[in-house]
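A.B. asks: Before we start, here is the structure in question, set down as structure tokens.
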Amino acid sequence: DESFVYSHNTNNSEKVFVTENNNGKPGDGLIKGHTLFTWQTPASPHLASRLENYPVSDDEVLSSLRKCWNQIVIDAEEGEKKSTTIIETAGGVLSPSSSSPLNHQTNRSLSSSGSRSGMPNSTPKWKWSTQADLYSSLQIPVVFVGDPKLGGISVTLASLEALWSRGYHVDAVVFIEAAKKNSENDREGDIHFGEGNTEALREYIAMKSLRTGKKLIAQDSIVCLPELPPMPIPLNELYE
């Protein structure tokens, strides 16, 4: 069994997508989705939580995650099955988590009061953490999804450096080839940026490992998957 846990979600679309696009049949129970906190506003959790007056603190996120995680383990043991749990965070490595006046630590960012943030001036300031800071205490391994587009090398490297600086161990990096442009006059349409970014990251990791003497990410754990098919074509071929 596989379980996908979504800590923050603004429309529950990821859970629906994953459970409907699996290698079995929708509803067969092979893949289970768990959403911990949901907001209706299609925005970053730090903003959606303010706009909807639905604060969720870091402690609440971690407590709910541990409870969900423990239940997944218990269910797997009772069913005598092996279980893999994947926790998907919201946005990028340094994207904001949800805001809350209960977030008191000094390393959290302050929200600004006033109409720009969607909060009245009388509302106390709510703090938030980055995704990387929020989950650092869990010490869980990371499978990072790299940016396959032009300019994505810098984004990917900056994200990895942010993870390493917080003590994360990155087990693998996966790129998904970006959709090609249809313009006949655009030479970018003939370039596979995903493959190029994958090779560039392998070169960087080799250089950094040699310079630091640390084993960072195995070369064969940096991979590029083919371009995703357009909706509503299922993703069955990716599982083969």
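The values are calculated or read from the model by the stated rules, or taken from the named source; none is laboratory data. In this text, all values refer to a predicted model and were calculated from it rather than measured experimentally. Methodologically, a virtual Cβ is constructed for each residue, glycine included, from the backbone with ideal geometry; neighbour enumeration extends over all protein chains shown. The protein model used for the area step is the full one, side chains on, heavy atoms only, and it has no ligands, DNA or RNA in it. Shrake-Rupley method; radii C 1.70, N 1.55, O 1.52, S 1.80 Å.
A.B. asks: Pairs needed: first member in the stretch 54-66, under 12 Å from SER137 (Cα atoms); second member anywhere, among the small types (Gly, Ala, Ser) and open to solvent by less than 20 Å² (accessible area, probe 1.4 Å); C-beta distance under 8 Å; at least 6 residues apart or different chains.
C.D. replies: ASP58/SER97; ASP58/SER100; ASP58/SER129
A.B. asks: On to the next question. What pairs come up if the first residue lies in the stretch 125-139 and is closer than 12 Å to LEU102 by Cα and open to solvent by 50 Å² or more (accessible area, probe 1.4 Å), the second is assigned to a loop (DSSP other than H, G, I, E, B) and modelled with pLDDT under 95, and their beta carbons are under 7 Å apart, counting only those six or more places apart or on different chains?
C.D. replies: LYS125/SER111; LYS125/SER113
A.B. asks: Does ILE140 satisfy being within 14 Å of the chain's Cα centre (by Cα), farther than 22 Å from LEU51 by Cα, part of a loop (DSSP other than H, G, I, E, B) and modelled with pLDDT of 90 or more?
C.D. replies: Judged against the criteria, ILE140 is a match.
A.B. asks: Right, something else. Here are some conditions: (1) at pLDDT below 80; (2) surrounded by fewer than 11 Cβ atoms within 10 Å (Cβ to Cβ); (3) of a type in the set (A, V, I, L, M). LEU210 meets all but one. Which one does it not meet?
C.D. replies: (1)
A.B. asks: Looking only at the stretch 213-225, filter to residues that are modelled with pLDDT under 95 and open to solvent by 80 Å² or more (accessible area, probe 1.4 Å); which one of those is farthest from ASP171 (Cα to Cα)?
C.D. replies: Only one residue fits best here, namely LYS214.
A.B. asks: Checking the condition open to solvent by 70 Å² or more (accessible area, probe 1.4 Å) and either in a helix (DSSP H, G or I) or modelled with pLDDT of 95 or more (or both), which residue from LEU94, LEU62, LEU47, LEU102 passes?
C.D. replies: Criteria check complete, one pass: LEU94.
A.B. asks: Inside the stretch 156-181, can you point out the residues that are hydrophobic (A, V, I, L, M, F, W, C) and either modelled with pLDDT under 95 or in a helix (DSSP H, G or I) (or both)?
C.D. replies: The answer is LEU157, ALA158, LEU160, ALA162, LEU163, TRP164, ILE176, ALA178, ALA179.
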